[in-house]
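Beneath this line is the structure, given in structure tokens, with notes to follow.
The values are calculated or read from the model by the stated rules, or taken from the named source; none is laboratory data. These numbers were taken from a predicted model, which means no experiment stands behind them. Cβ sites come from the backbone with ideal geometry, for glycine too, and all protein chains shown count toward neighbours. Please note that ligands, DNA and RNA were not included when accessible areas were found on the heavy atoms of the full protein model with its side chains. Shrake-Rupley method; radii C 1.70, N 1.55, O 1.52, S 1.80 Å.
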Amino acid sequence: MGVVHLANAIETRNASRAIEAIQVLDCGRAEQHWEHRYGSRLPRLWWVFFGRRWVELPLQAFLIQHRDGLILFDTAIDPAVQLDRGYIGQAIGRFLLPRIFRLHLTEADRIDHVLAKVGVSAKDIKTAVISHLHFDHVGGIGQIPQAELIVSEDEWAILSESYPEREWILREHIEVPSAKWRQIAFEPTEDPLFEGFEGIHDVTGDGSIILLPTPGHTKGSISMLIRQEGWRPILLVADLTYETALLEQNRVPGTGDRETLLASFKKVRLLQERMPDLEIVASHDFAAKEAIARATHPNTTQGEQP
Ligand SMILES: [Zn+2]
């Protein structure tokens with residue numbers, strides 16, 4: 001049971017392990033065009049208006065129990081985007097949204113309700129790392145006003161561009177007075193493990209949670225490397241790919257900058273060559289839960305009873 005497991009983890013915070021648990025949070029269901037998920041040679045506007053193949057898009061976030069406090073990797077979607085007509089300020093956005101996504105949200109998909117379901121109060125979140133500023137990743141920031149929100153400088157810079165809403169970066173729901181945003185720059189490193197990456201950012205100062213720039217889906221998208229003794233290393237790649245297998249096949253989705261995506265894919269695959277047991281986990285991949293379970297229970301082989 002998730003609840004019992006989490007409660008135990010909180011009580012044993014003083015133990016020597018840096019990370020006690022990682023949990024995949026279910027934050028709602030949606031659908032997207034097949035071309036969006038798997039890529040297409042057709043222009044984006046073609047499949048937005050004429051695409052007829054819809055595929056399931058799970059919305060997920062990640063909860064990491066570090067001994068210094070609870071950390072979220074993304075904050076999911078605000079169900080108000082579907083339930084409240086005024087959520088998207090721009091008429092063009094309101095017009096395009098249902099042509100790009102079919103949302104099947106309920107109030108229960110808001111991050112504070114999702115956290116409560118696994119026995120955690122939203123008030124106890126210390127830090128949220130925001131992989132990128134898309135509305136389905138920053139939708140819960142209003143529910144965690146006490147948390148420090150970490151975002152890359154490159155991603156934050158998009159807010160100063162002429163029309164970020166066109167890229168589903170909704171300023172009115174990001175630049176909110178309650179939010180404690182902290183922009184980070186990546187620091188250069190001598191560690192050969194990270195060769196090829198522009199730099200790193202150590203979130204907790206103990207090397208257990210390292211952020212890496214992996215642009216392409218958006219300009220400032222970041223990934224999170226999680227390392228805990230006894231586990232396989234885990235790389236949360238957010239929306240760099242919609243499925244781990246697609247990254248391995250070098251197949252880019254129907255959104256983002258193709259060349260930048262391919263360059264980031266290459267860096268991630270190089271990292272995987274240096275860490276052969278690395279589990280790559282995408283935010284909208286149905287396989288995320290299984291991958292996290294595999295990485296955190298490395299001695300349990302498939303089919304074996306725990
Ligand atoms: Zn995204």
**Message:** Spelling out what I want: for every residue of the range 48-61, take phi, set θ = phi - 60°, compute 6.51 cos²θ - 1.76 cosθ + 1.60 (Karplus), and round to whole Hz; glycine and proline get x.
**Reply:** 4, 8, 10, x, 10, 9, 9, 10, 5, 10, x, 9, 9, 10
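How big, in percent, is the set of alpha carbon pairs in the range 2-296 lying more than 23 Å apart? All intermediate terms of the calculation are to be shown ahead of the outcome.
On the way: 22930 of 43365 pairs.
The proportion of pairs with Cα distances above 23 Å equals 53 percent.
Just how many % of Cα pairs in the range 173-297 lie over 27 Å apart, if you round to the nearest whole percent? Write out the running numbers ahead of the final one.
Working: 1356 of 7750 pairs.
Above the 27 Å cut-off, the range 173-297 has 17 percent of its Cα pairs.
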**Item:** Surface share of carbon and sulfur [accessible, 1.4 angstrom probe, percent] for the chain
**Value:** 51 percent
**Asked** Where is the GNM fluctuation largest for the chain (alpha-carbon springs, 10 angstrom cutoff): 236, 159, 133?
**Response** 159
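Return one whole number: the accessible area per residue of the chain in Å², for a 1.4 Å probe. Walk me through the numbers on the way to the answer.
Working: 13900 Å² over 306 residues.
Accessible area per residue: 45 Å².
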**Request:** Using amide H atoms built 1.01 Å from N in the peptide plane, name the residues 5+ places from residue 223, or on other chains, whose amide H lies under 5 Å from its own.
**Result:** 212, 214
**Message:** Give the lysines reachable from residue 289 as a straight Cα distance under 21 Å; neighbours fewer than 8 places away on the same chain don't count.
**Reply:** 117
**Request:** Using θ = phi - 60° and the Karplus relation 6.51 cos²θ - 1.76 cosθ + 1.60, list the HN-Hα couplings for the range 260-268 in order, rounded to whole Hz, with x at every Gly or Pro.
**Result:** 5, 4, 4, 5, 5, 4, 4, 4, 5
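Could the peptides 112-120, 179-187 be put in order, highest first, of the mean number of other beta-carbon atoms found within 10 Å of their residues? The partial results should precede the final answer.
On the way: 112-120: 18.3, 179-187: 14.3.
Answer by packing, highest mean first, reads 112-120, 179-187.
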**Fill in**
Candidates 292, 222, 200; GNM for the chain (alpha-carbon contacts under 10 Å) flags as most fluctuating 200
**Nearest-10 value in Å² for the accessible area of residue 191, using the 1.4 Å probe** = 60 Å²
**Request:** Springs between alpha-carbon atoms under 10 Å, Gaussian network over the chain: tell me which of 37, 94, 232 tops the mean-square fluctuations.
**Result:** 94
**Complete:** Residues whose modelled amide H sits under 5 Å from the amide H of residue 297, counting only those 5 or more places away in sequence or on another chain, are none
**Asked** To the nearest 0.05, what FRET efficiency results for residue 274 and residue 48 with a Förster distance of 41 Å applied to their C-beta separation?
**Response** 0.60
**Message:** With the cut-off at 1.5 for a/c, could you classify the range 8-159 from its C-alpha gyration tensor as rounded, prolate or oblate?
**Reply:** prolate
**Item:** Rounded to whole Hz, the Karplus (6.51, -1.76, 1.60) HN-Hα couplings of the range 191-203, x for glycine and proline
**Value:** 4, x, 4, 9, 4, x, 7, 5, x, 9, 9, 8, 5
**Request:** Mind putting a number on the dipole of the chain about its Cα centre? Charges go on the C-beta only, +1 for Lys and Arg and -1 for Asp and Glu, and I need it in Debye to the nearest 20.
**Result:** 860 debye
